[in-house]
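The values are calculated or read from the model by the stated rules, or taken from the named source; none is laboratory data. Keep in mind that this is a model prediction, so the values were computed, not measured. Quick reminder, even Gly has a Cβ in these numbers, built from the backbone with ideal geometry, and neighbours come from all protein chains shown. Each accessible area value is taken on the protein alone, full model and side chains, heavy atoms only, with ligands, DNA and RNA left out. Shrake-Rupley method; radii C 1.70, N 1.55, O 1.52, S 1.80 Å.
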Amino acid sequence: MPAETGKAAGSGRSRVSRRFPQFTRDTARPEGGGRAAPGGAPAPARQWPLLVVLGLTGLGLLIVALDGFRIGTMLIGVAMIGGAVLRWALPSVGMLAVRSRFTDMFTYGGLGLAILLLAMLAQPHAWLKIPFLDDVLHFTV
């Protein structure tokens, strides 16, 4: 059914349907998904927020590959939290914007915090000890 169905009987106005179209013709850009630098700037400069997050994540993965598990994993978590901060602070972040601002901040920040906490809780010689987790482990085993 088309969005406009012609003139309503005797009113002279077009009637607009409230139904969603059967076929999607276009997609909306996420809020803040514009360029992070002017259009005349080179491509890397226009996407610098995404490149910062990817660069820190890549550095973290390299450190993990070189046998620095805890530090590399924490760097990956910090990169994700940094992505959430960039998404909150900047009006346009380029391709770092995937969904709405709230969803991106919640996803980047939540995953970054989880990765950071799990890296600090990893055994042996955990940097962060949560006392009730030992009790939970002993209770379940």
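The heavy atoms of LEU66 present about 130 square angstrom of accessible area, all protein chains included, probe 1.4 Å. Surface composition of region 67-141: carbon and sulfur atoms hold 76% of the protein heavy-atom accessible area at a 1.4 Å probe. Annotation: peptides 120-132, 89-101, ranked by per-residue average of other Cβ atoms within 10 Å with the highest first, follow the order 89-101, 120-132. Expressed as a whole percent, how much of the Cα-Cα distance distribution for region 86-141 exceeds 17 Å? Roughly 56 percent, once rounded to a whole number.
Apply the a/c threshold of 1.5 to the C-alpha gyration tensor of region 16-141 and tell me whether it is rounded, prolate or oblate. Note, shape of region 16-141 comes out oblate. Between VAL98 and LEU61, the FRET efficiency estimated from the beta carbon spacing at R0 = 25 angstrom works out to 0.75. Rolling a 1.4 Å probe over the protein heavy atoms gives region 87-141 an accessible area of 75 Å² per residue.
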